[in-house]
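Nothing in this text is a laboratory measurement; each read-out follows from the coordinates by a stated rule. Predicted model only: the values in this text are computed from it and were never measured. Cβ coordinates were reconstructed from backbone atoms using ideal geometry, including for glycine residues, and neighbour counts include every protein chain displayed.
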Amino acid sequence: MTTASAGAHEAHEHTHYTTTGLDNKKIAIWAFIGSECMLFGSLISTYLVYKGKSVVGPFPHDAWTSPAGQLFKPILNIPVTSASTFVLLMSSLFMVLALAAVENKGKPGYEGWQGSSKVWLAATALAGAVFLGFQAYEFTSFVHEGLTIRTNLFGTSFFTLTGFHGTHVAVGVLWLLSLLFIDIKRGLGPRDTINVDICALYWHFVDVVWIAIFTLVYLIK
Amino acid sequence: MATPATTAAHAPGASEDTGLWSWLTTVDHKKIGILYLYTALFYLMVGGLEAALIRTQLAKPNLSVVSAETYNQLFTMHGTTMVFLVVMPLSAAFFNYLIPLQIGARDVAFPRLNAFSYWVYALGGLFITLPIFFGVAPNGGWFGYAPLSGPTYGSGFNMDFWVLGLQILGISSLAAAFNFITTIINLRAPGMTLMRMPMFTWMSFVVQFLVILAFPVITAALFFLQFDRFFGTNFYVVQAGGDPLLWQHLFWVFGHPEVYILILPAFGLVSEVLPTNSRKPLFGYNVMAYSGMMIGFLGFGVWAHHMFAVGLGPVADSIFSLSTMLIGLPTGVKIFNWIATMYGGSLRFPASMKFAIGLIAMFTIGGISGVMHSSPPSDLQQTDTYFVVAHFHYVLYGGAMMGIFSGIYHYFPKITGRLMNERLGTWHFWLNFIGLNLTFFPMHFSGMLGMPRRIYTYDAGQGWELFNLMSTGGTYLLIVAGLVFAYNFFVSRAKGAVAGSDPWGAPTLEWSIPSPPPDYNFAQIPEVTSRYPLWDLKTPDRTAGLEHSHGDAGAIAAAHAVPVHEETERRTAKELGIPMPVNTIKPFMVALGIIVMFSGLIVLHAGKFPLAMATMLGGGAFMVASLYAWLTSPLE
Amino acid sequence: MSIERAHADHVHEHPTWKQYKWVALVLTVITAVEVWVYYTPFKDSPLFRPTLLAMSAVKFAIVVMYYMHLKYDHAIFRKLFVGPLIIAGCTLVAFLFLFGKVWIG
């Protein structure tokens with residue numbers, strides 16, 4: 001029974017009556033996502049309010065000279081972040097394919113590796129991990145260039161905003177790996193759709209937050 | 001499959017079990033509601049004693065009952081306790097107990113998440129309260145303005161407990177809110193459309209949305225403060241270009257919806273009490289529901305009226321002033337609707353009704369002084385004076401607490417099966433009513449005469465002596481009132497008259513089942529055909545003019561629903577074949593893990609890095625492991 | 001006002017595989033354009049910000065509608081998401097205004 005399903009067993013949608021006919025978990029995850037809008041809204045607002053208010057460098061979009069006279073380039077690395085953005089976008093594609101594979105398991109058109117939820121769950125988790133790798137690379141290179149969370153307001157608000165997003169990605173990767181583990185152990189099928197669906201909704205939400213961050217933080221000066 | 005914990009708790013008749021273990025492991029929304037009730041009443045005593053000390057110190061000029069530093073801790077903890085540990089959890093007690101009963105459900109959508117919310121609250125409450133016994137309680141005000149609460153000006157452990165404690169309590173409120181939103185959307189009995197929900201459930205529904213939208217904002221603001229305090233970031237550091245106003249804005253974007261989080265459940269409770277005791281349907285039900293939503297929505301657009309004094313500029317001042325005046329409209333509509341509900345009714349005045357009418361009167365006074373603050377020029381004179389203290393105590397004590405007392409008198413028989421003593425209830429009401437007016441009304445005058453808030457003492461000769469003495473006397477009277485209530489509560493619980501299922505002749509579903517209700521609530525899910533199902537049954541002429549209709553046949557069949565009826569039999573869930581959630585300790589363990597994890601940051605501040613890391617990682621690992629154990633074990 | 005009960009079997013139509021891949025392609029193209037624009041002289045145009053914000057909004061909407069299948073799902077989910085999104089958006093704009101990042105009039 002332990003592995004009978006992933007996620008909370010709080011709702012037995014097939015045995016219990018619900019008013020809307022929808023699953024409790026799905027309503028809860030959407031309410032949660034609504035709540036997350038306010039969390040990231042606050043974080044993004046703070047970043048934007050503090051944009052250009054740093055007293056000392058490094059700056060995101062402008063070159064600056066350190067007190068020692070050394071010239072620094074703008075610190076944001078657009079090519080690398082573009083790559084990681086692309087990876088995260090692709091992870092969303094993998095995620096919908098994973099959900100479709102779980103929902104339609106055994107149906108025609110879902111044979112082979114292309115219809116395997118294991119493949120797509122693994123791919124999604126891997127893409128998430130690669131994104132986190134890019135972020136780790138970005139953070140360490142910033143630290144080498146003299147930007148830490150304590151250096152200036154940009155560092156403070158940048159690391160906090162992207163760090164919160166990264167933490168969400170990390171939680172999502174753990175969630176995906178848990179689903180993958182269950183899938184390998186006993187196989188996920190149509191009756192598990194809801195449990196994969198709520199994970200997918202969370203994952204895509206984390207992706208759309210990044211869509212906003214990429215534009216607001218990286219591309220717009 | 002099951003851990004030893006669940007097997008132990010799954011003894012037959014676990015619901016009748018009353019041992020400590022049964023309370024630690026319960027997932028029954030009614031027992032969790034009772035836990036909330038007792039815990040919050042305990043904190044009401046704590047917060048009340050803090051108030052008594054504050055007022056004793058201020059009774060006369062230049063007293064030194066407590067030191068200035070202790071005074072700072074007292075007023076900070078009084079506010080924090082009353083808001084986060086008393087009024088919100090008392091409301092949560094009613095959410096838990098009543099929402100499933102009012103909508104005809106057997107439990108909330110996520111029973112274990114519900115237990116988790118309670119345990120996070122209970123442990124988080126201890127986390128933030130205990131430091132006062134060691135003289136390190138939070139001392140920066142319940143609003144924690146940065147940079148006063150930051151590392152430079154608040155270098156002690158005091159504000160650590162506040163920042164982390166609020167963060168912990170936020171987890172509890174958020175988890176509960178997701179739970180109740182889902183419950184109300186998805187577990188209503190067939191025929192219980194949104195516009196047939198009892199008004200308390202309606203107001204609770206609005207409040208849950210306020211929670212999920214307001215708490216993330218304070219969460220973000222607290223993280224910033226936490227980072228400033230523990231990791232040396234610059235969010236509120238002026239030298240680095242940081243803006244202290246950021247904290248104020250974020251705090252009040254949360255803080256203003258928070259005041260509606262505090263008051264709307266009380267509004268909901270009196271909206272149950274007034275029609276029942278007027279023996280007449282609620283006047284203007286739809287408008288009541290819509291004005292609740294309106295208050296909730298507008299509540300997000302008025303926050304900066306807490307900040308007129310910082311100088312936001314004429315445009316911002318005008319916008320926030322107008323929106324604040326606007327929010328007075330739906331609130332005023334409610335007042336008139338309650339009065340119109342009573343008008344022409346066949347009135348009865350049990351203690352619950354007295355408190356409900358008390359709320360209408362007292363909240364109106366507080367509401368009117370609130371509208372006065374909405375005008376920036378007049379606010380500039382009143383801000384940071386005792387006038388504001390008078391205002392928010394009228395709305396929070398005269399409003400929220402009176403409404404909650406009304407609810408306690410009204411629902412005590414449902415919860416315990418016994419009636420509260422009415423004579424003592426009347427004594428409680430009048431002592432409370434006189435005490436509160438004696439305490440808070442003079443504050444309007446001391447405030448207008450210029451007495452600032454949060455000062456620990458004052459010199460004679462400024463015209464404040466009499467008013468302060470009156471306020472202090474009133475506070476002592478409120479304590480006497482509180483003692484009468486406590487005596488009544490405990491004696492009635494043991495020896496009160498047996499209530500029966502529907503002592504008040506009330507119209508809603510919770511009164512159709514025995515008192516106290518069996519663990520499964522409804523042996524058969526009722527099919528609802530109107531707003532006042534029990535009046536349809538018992539006094540049909542009262543509701544004849546209202547809309548009645550049968551719901552979707554498919555839904556009725558799917559829920560095995562039967563027409564609303566009085567349930568008198570008391571059989572066990574097993575006999576009835578109703579699957580019940582299994583008691584479990586895991587939500588408690590997850591909550592414990594969270595508290596330990598947060599405590600690690602206090603250790604970090606103490607400079608013990610390895611121990612701090614061990615505490616945080618240990619707590620985190622314990623939390624994650626318990627969470628996995630929880631999620632992989634079945635509910636029933 | 002009442003929330004309609006979904007059909008008992010509630011097989012909401014999901015986008016197909018093909019659609020999913022088209023969506024991915026569109027998202028990739030928009031992202032490519034966003035990055036490309038960043039390296040063109042258009043970067044200094046006053047239209048740069050609005051254009052980028054619009055592109056980002058379109059991507060946001062596409063993911064929410066198709067990948068989060070909000071377009072195909074029960075209306076209650078739309079309300080649960082769009083309501084908070086609007087309040088978050090208004091709060092953000094209010095902050096920019098209050099901190100002097102944007103001016104009215």
Between helix A:153-186 and chain A, what is the angle of the helix's C-alpha long axis to the longest principal axis, kept within 0 to 90° and rounded to the nearest 10? 20 degrees
Residue B:385's amide H: which non-local residues (gap 5+, or another chain) put their own amide H closer than 5 Å, with H modeled 1.01 Å from N in plane and none for Pro or chain starts? B:453
Among B:496, B:429, B:592, the residue whose Cα sits farthest towards the positive end of the charge dipole of chain B (+1 at Cβ of Lys and Arg, -1 at Cβ of Asp and Glu, taken about the Cα centre) is B:496
Pick out, from A:188, B:554, B:622, the residue whose Cα sits farthest towards the positive end of the charge dipole of the protein assembly as shown, with +1 on the Cβ of Lys and Arg and -1 on the Cβ of Asp and Glu. B:622
Restricting to Cα pairs under 8 Å and 6 or more apart, the percent relative contact order of chain B works out to 18 percent
Using Cα atoms only, what is the angle between the long axis of helix A:193-213 and the major principal axis of chain A, expressed in degrees (0 to 90) to the nearest 10? 20 degrees
Find out how many positive minus negative residues lie around residue A:66, taking Lys and Arg as positive, Asp and Glu as negative, among other residues whose Cβ is under 14 Å from that of residue A:66. -1
Shape of the protein assembly as shown from its Cα gyration tensor (a ≥ b ≥ c, root eigenvalues): rounded if a/c is under 1.5, otherwise prolate when a/b > b/c, or oblate? oblate
Measuring from centroid to centroid over Cα atoms, what is the spacing of the range C:20-58 and the range B:86-123 in Å? 47 Å
The long-range amide H neighbours of residue B:418, using H built 1.01 Å from N in the peptide plane and a cut-off of under 5 Å, are B:499
Starting from the range C:13-59, pick out the chymotrypsin sites (Phe, Trp or Tyr not before Pro) whose DSSP state is loop and whose Cβ has at most 13 other Cβ atoms within 10 Å. C:39
Which value in deg cm²/dmol, rounded to the nearest 500, describes the helix-derived mean residue ellipticity at 222 nm for chain B, given -39,500 (n - 2.57) per DSSP H run of n ≥ 4 and division by the residue count? -21500 deg cm²/dmol
Which of the peptides B:588-599, B:282-293 is most tightly packed, and how do the rest follow, going by the mean number of other Cβ atoms within 10 Å of each residue? B:588-599, B:282-293
Selected from B:347, B:397, B:91, residue furthest toward positive end of dipole (chain B; charges at beta carbon): B:347
Mean other chain Cβ within 10 Å across A:74-81 is 1
Backbone HN-Hα couplings from phi across the range A:64-81 [Karplus 6.51/-1.76/1.60, Hz, Gly and Pro as x]: 8, 10, 6, x, 7, x, 7, 8, 10, 6, x, 7, 5, 9, 5, x, 5, 5
May I ask for the net charge around residue B:468, where only other residues with Cβ less than 15 Å from the Cβ of residue B:468 are counted and Lys, Arg are +1 while Asp, Glu are -1? +2
Magnitude of the charge dipole, the range B:28-581, Cβ model with Lys/Arg +1 and Asp/Glu -1, debye to 20: 1020 debye
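Charges only on Cβ, +1 for Lys and Arg, -1 for Asp and Glu: so what's the dipole of the range A:24-219 about the Cα centre, in debye to the nearest 20?
It comes to approximately 280 debye.
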Say R0 is 45 Å: what FRET efficiency, to the nearest 0.05, do residue C:51 and residue B:65 get from their beta-carbon distance? 0.10
What ranking, highest mean first, results for peptides A:41-50, B:444-453 when packing means the other Cβ atoms within 10 Å averaged over each residue? A:41-50, B:444-453
Between helix A:117-144 and chain A: long-axis angle, C-alpha atoms, 0 to 90°, nearest 10: 10 degrees
From the square roots a ≥ b ≥ c of the eigenvalues of the alpha-carbon gyration tensor of chain B, which class results: rounded (a/c under 1.5), prolate (a/b over b/c), or oblate? oblate
How would you classify the range B:345-480 from its alpha-carbon gyration tensor, with a ≥ b ≥ c the square roots of the eigenvalues: rounded for a/c under 1.5, else prolate if a/b is greater than b/c, otherwise oblate? prolate
Surrounding charge for residue A:202, neighbours by C-beta under 14 angstrom, Lys/Arg +1, Asp/Glu -1, total -1
Note down the magnitude of the dipole of the protein assembly as shown about its Cα centre, charges +1 on Lys and Arg C-beta and -1 on Asp and Glu C-beta and zero elsewhere, to the nearest 20 debye. 100 debye
Across the residues of C:66-73, average count of Cβ atoms on other protein chains within 10 Å? 5
Near the amide H of residue B:562, under 5 Å away, which other amide H atoms are found, from residues 5 or more places off or on another chain, if H is placed in the peptide plane? B:525, B:527
